[in-house]
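The structure under discussion appears below in the form of structure tokens.
The values are calculated or read from the model by the stated rules, or taken from the named source; none is laboratory data. For clarity, every value in this text was computed on a predicted model and none was experimentally measured. Using ideal geometry, Cβ is built from the backbone for each residue, glycine included, and neighbour counts are taken over all protein chains shown. Side chains included, ligands, DNA and RNA excluded: accessible areas come from the protein's heavy atoms. Shrake-Rupley method; radii C 1.70, N 1.55, O 1.52, S 1.80 Å.
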Amino acid sequence: MTDALALPTEDGRRTDGLVLVQDPAEGLSVTVRRGLAGAPVPEWRVLATRAGQPPFTGPDWLRAVHTHLGVGEPLLVSVRRDGRLLAFGAFALLGGPRPLLTFLGSGASDYAAVLADPDAGIPTGRLLAAVVDGAVREAPGAVLDLEQVPAEGELPGLLTEWAYRRGYAVRTLPQATVHALELPETVAEHDAALGRHARHEERRQWRRLAELGDLVVVDDLLDGLSELRDRDPDAAADRLDELVAELAEVDDAHPRAAYRRRPWRGASGRTLTEVLRTTPAGVVQLSGLRLDGELVAYAFCLAGPKALHGYVQSYRARYAATGPGSLLLLRIRRRALLSGYRELDLLRGDEAYKRRLEPTTRHTVRLLLAPATRELLPGLVDRISLLRRTYRDELRRNERLGRGFDAVSGAAERLRGDLARRRAALPSPKLPTLSLPRPSLPSPSFPDPRETLRKVWRRRG
């Protein structure tokens, strides 16, 4: 059995952005497609679910992210046997003096992976090798900068093994902290674990919130949108725009709005709007609380095959005393366990409120792979190309920072302050004292004011 792909089929020509090579070792065909047009979307969705991967690795999320936030040229690698999709890799190729391969959606996705069917009857490592071989064959000599790979999963080890066999150097960098809540089997167990005081406080907050107006708990803010889209696409688009505007208003009214990122504004807002529009029903779970018709809190979650992933949550500051965010999170937890989930994934970020929930803590890593014949970071160009993929994670790591102007300005201010402190810490240079002759000038002579007054009085007398 060989670990390398064979040469291309007879003519090896590209047709409609495709390159097809054969892997005789397992009877696999490897197709490399440049661009998102013609992507095998339904098969891609099914494979992500079969592989147990979260929606961040699926076509709806990644196509939206790349369209509005991504850089580089999409590179889609499909591995098939007898026409069945067994493995899939979605990459972005950045050109320049040294090509760079990243996962599609890098910087905006909490997780990334190469998808492989666990029931294919072929070792996962072999399928992964076919995918990565196809990608590097399309970009010879490229550095692979693979972000947000779960450290506790099998992918880091499989990629390291691939690198060893292909003569690549590997560097593994810690990237993000991920918190997740383990959920019990029943609501009774969940509530018992909360404790009597927490349950009493929850009931009190619900009463206080209901006293402020007509309270409605909406478990699905997208209810009926799919059916409306089938009947009247324009009306569905208008309703979705209205909903997104409401979500943005809640963010603007958050107690820490000046320090939080605004996910429903700008390119990020266009990305999430497209996710709401294209993702199959049930994958996006958007719930909220309304008082007298006004949306006062919301929670945006993504349902994966193994966990419910809490992406973003917000509430209006004037209702903070009633704890609408906490109330909504408790409701989401109960609904998740009733749906059969045993984990609520709070995603990357080490915010204080996550730590207070006593979660399970995991991590993601960043893998840098480069041909051993050349240095991993040979020069300034590579360093810049790698660093520009990192800034989003560094900003998101601190809840006070966002992607906007305030975040960049704050970072620049801290950098200037740090430089000033460093300059102050340097010893002051001692310059020689110059001894110059001081000119001798006559002292000015001023008349006595009393004598002047006497002269004036004499003239008047």
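Set side by side, the residues GLU152, GLU189, GLU201 differ, and just one is among the acidic types (Asp, Glu), open to solvent by 40 Å² or more (accessible area, probe 1.4 Å) and in a loop (DSSP other than H, G, I, E, B), which is GLU152. Does THR49 satisfy the condition of being open to solvent by less than 10 Å² (accessible area, probe 1.4 Å), out of contact with any Cys (no Cβ under 8 Å at 6 or more places or on another chain), hydroxyl-bearing (Ser, Thr, Tyr) and touching a residue at least 40 places away in the same chain (Cβ under 8 Å)? No; evaluated as a whole, the condition is false for this residue.
Taking region 174-186 as the range and being among the β-branched types (Val, Ile, Thr), surrounded by fewer than 20 Cβ atoms within 10 Å (Cβ to Cβ) and under 23 Å from GLY153 (Cα atoms) as the test, only THR177 passes. Entry remark, region 306-332: residues being within 17 Å of VAL178 (Cβ to Cβ), open to solvent by 30 Å² or more (accessible area, probe 1.4 Å) and not in a strand (DSSP E or B) number 1 in total. Counting only residues that are open to solvent by less than 20 Å² (accessible area, probe 1.4 Å) and assigned to a strand (DSSP E or B), region 270-291 holds 6 of them. Residues considered: LEU308, LEU240, LEU221, LEU225. Of these, the only one that is touching a residue at least 60 places away in the same chain (Cβ under 8 Å) and either in contact with a Gly (Cβ under 6 Å, 6 or more places away or on another chain) or at negative phi (or both) is LEU221. Being of a type outside the set (Ser, Thr, Tyr), modelled with pLDDT under 95 and exposed (fewer than 12 other Cβ atoms within 10 Å of the Cβ) holds for only one residue in ARG207, ARG256, and it is ARG256.
Restricting to region 100-127, count the residues that are among the β-branched types (Val, Ile, Thr), crowded, with 19+ Cβ neighbours inside 10 Å and more than 19 Å from the chain's Cα centre (by Cα). Walk me through it before giving the result.
Going residue by residue through region 100-127, those that are among the β-branched types (Val, Ile, Thr) are 102, 114, 122, 124.
This time we only want the ones that are crowded, with 19+ Cβ neighbours inside 10 Å, so: 102, 114, 122.
From what's left, more than 19 Å from the chain's Cα centre (by Cα): 122.
Counting residues in region 100-127 that are among the β-branched types (Val, Ile, Thr), crowded, with 19+ Cβ neighbours inside 10 Å and more than 19 Å from the chain's Cα centre (by Cα) gives 1.
Each residue in region 292-305 was checked for being in contact with a Pro (Cβ under 9 Å, 6 or more places away or on another chain) and in a strand (DSSP E or B), and 5 of them qualify. Are any residues in region 98-128 in a loop (DSSP other than H, G, I, E, B) and closer than 26 Å to GLY27 by Cβ, and if so, which ones? Across region 98-128, the qualifying residues are ALA113, VAL114, ASP117, PRO118, ASP119, ALA120, GLY121, ILE122, PRO123. Pairing residues of region 138-150 that are among the small types (Gly, Ala, Ser) with residues that are assigned to a strand (DSSP E or B), at Cβ distances under 7 Å and at least 6 apart in sequence or on separate chains, gives ALA139/LEU93; ALA139/LEU101; GLY141/PRO371; ALA142/LEU100; ALA142/LEU101.
From the list ALA253, ALA237, ALA257, exactly one residue is out of contact with any Leu (no Cβ under 7 Å at 6 or more places or on another chain) and under 30 Å from ARG45 (Cβ atoms). Which is it? Working first, answer last.
Details: ALA253 fails: under 30 Å from ARG45 (Cβ atoms); ALA257 fails: under 30 Å from ARG45 (Cβ atoms).
Testing whether each residue is out of contact with any Leu (no Cβ under 7 Å at 6 or more places or on another chain) and under 30 Å from ARG45 (Cβ atoms) leaves just ALA237.
Checking each residue in region 65-89 for being in contact (Cβ under 8 Å) with a residue 40 or more places away in the chain, open to solvent by 10 Å² or more (accessible area, probe 1.4 Å), within 15 Å of ALA39 (Cα to Cα) and of a type outside the set (S, T, N, Q) picks out PRO74, ARG80, LEU85.
Looking at region 134-193, which of its residues are among the β-branched types (Val, Ile, Thr) and under 30 Å from ARG334 (Cα atoms)? Give the derivation first.
Restricting attention to region 134-193, the residues satisfying the condition of being among the β-branched types (Val, Ile, Thr) are 136, 143, 149, 160, 170, 172, 177-178, 186-187.
Of everything in region 134-193, those that are among the β-branched types (Val, Ile, Thr) and under 30 Å from ARG334 (Cα atoms) turn out to be VAL149, THR177, VAL178, THR186, VAL187.
Being open to solvent by less than 60 Å² (accessible area, probe 1.4 Å), part of a helix (DSSP H, G or I) and among the aliphatic types (A, V, I, L, M) is the requirement here; does LEU221 meet it?
On the way: open to solvent by less than 60 Å² (accessible area, probe 1.4 Å): yes; part of a helix (DSSP H, G or I): no; among the aliphatic types (A, V, I, L, M): yes.
For LEU221, the condition - open to solvent by less than 60 Å² (accessible area, probe 1.4 Å), part of a helix (DSSP H, G or I) and among the aliphatic types (A, V, I, L, M) - is not met.
Which count do you get for residues in region 130-149 that are over 22 Å from the mean Cα position of the chain (by Cα) and either open to solvent by less than 10 Å² (accessible area, probe 1.4 Å) or not small (Gly, Ala, Ser) (or both)?
Applying the first criterion (over 22 Å from the mean Cα position of the chain (by Cα)) to region 130-149 yields 130-142.
Keeping just the survivors that are either open to solvent by less than 10 Å² (accessible area, probe 1.4 Å) or not small (Gly, Ala, Ser) (or both) gives 130-140, 142.
Number of matching residues: 12.
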